[in-house]
Amino acid sequence: MVMQAEKVMSGSFGFMYHEGEWMTNVTQAQASVAINKEEVPRSGTRWIGDKAMSVKGTGSMTGYKMTPILNKRIGKFTDDKSPMFVTELIMKLDDPDSAESKQRVRLKGVQFDVINLIGYEANSIVTEETPFTFSGYEYLD
């Protein structure tokens, strides 16, 4: 069977939501879960087995610098009396040409890894990458 090119997902229809609000400035995002394994030597064979032991969710979002609001919330952690900012994100792919591939994933327990303070380059649009970890997920569709 020949692949139908129009069914390939377009990242132009990717969305990131925080607290129900579409983060229109996010132009690139990814999230994945790494399965951490431990090697298990086995007798009677040269083959090493693998035992799944834990999982870790990581991701990042990149976009245009619009406001410092999210960075200020993340940065409150630097005050010794403030807790770590933990939140949820919803990522969505919704290409109208690929209806059967639409998906929404809720990322739980999101904690950001950096506090983007300020940066720029002359004659360029300012963008920033914000890596994060998460401790759970669920498909919403």
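The values are calculated or read from the model by the stated rules, or taken from the named source; none is laboratory data. For clarity, every value in this text was computed on a predicted model and none was experimentally measured. Counting neighbours? That spans all protein chains shown, and the Cβs are built from the backbone with ideal geometry, glycine included. Side chains included, ligands, DNA and RNA excluded: accessible areas come from the protein's heavy atoms. Shrake-Rupley method; radii C 1.70, N 1.55, O 1.52, S 1.80 Å.
Things to note:
- The region of the chain that goes longest without hitting one of the trypsin sites (Lys or Arg not before Pro) in a DSSP loop, each with at most 12 other Cβ atoms within 10 Å, is 82-141.
- Rg/Rh for the stretch 44-116 stands at 1.16; both radii use Cα atoms, and Rh follows the Kirkwood definition.
- Comparing 131, 83, 41 in a Gaussian network model of the chain, where Cα atoms under 10 Å apart are tied by springs, the biggest mean-square fluctuation is seen for 41.
- Rounded to the nearest 500, the helix-only mean residue ellipticity at 222 nm of the chain stands at -1000 deg cm²/dmol, with each DSSP H run of n ≥ 4 adding -39,500 (n - 2.57).
- Of the two radii for the chain, the radius of gyration is 1.09 times the Kirkwood radius, both from the alpha carbons; that is the Rg over Rh value.
- Looking at the stretch 45-124, the chymotrypsin sites (Phe, Trp or Tyr not before Pro) that sit in a DSSP loop and have at most 12 other Cβ atoms within 10 Å of their own Cβ are 47, 120.
- Residues residue 32 and residue 1, FRET efficiency given R0 of 22 Å [Cβ-Cβ distance, rounded to 0.05]: 0.15
- Alpha-carbon radius of gyration plus Dmax, which is the widest Cα pair, for the stretch 59-100 in Å: 15.6, 49
- Alpha carbon centroid spacing (whole Å) that separates the stretch 3-64 from the stretch 66-117: 15 Å
- Restricting the stretch 79-141 to GluC sites (Glu not before Pro) that sit in a DSSP loop and have at most 10 other Cβ atoms within 10 Å of their own Cβ leaves 121.
- For residue 28, residues with placed amide H under 5 Å, excluding near neighbours: 62
- Cα gyration tensor, the stretch 94-141 - rounded (a/c under 1.5), prolate or oblate: oblate
- For the stretch 1-83, GluC sites (Glu not before Pro) are listed when DSSP marks them as loop and at most 10 other Cβ atoms sit within 10 Å of their Cβ; the list is 19.
- Accessible carbon and sulfur surface of the stretch 1-131 relative to its total accessible area, %, 1.4 Å: 53 percent
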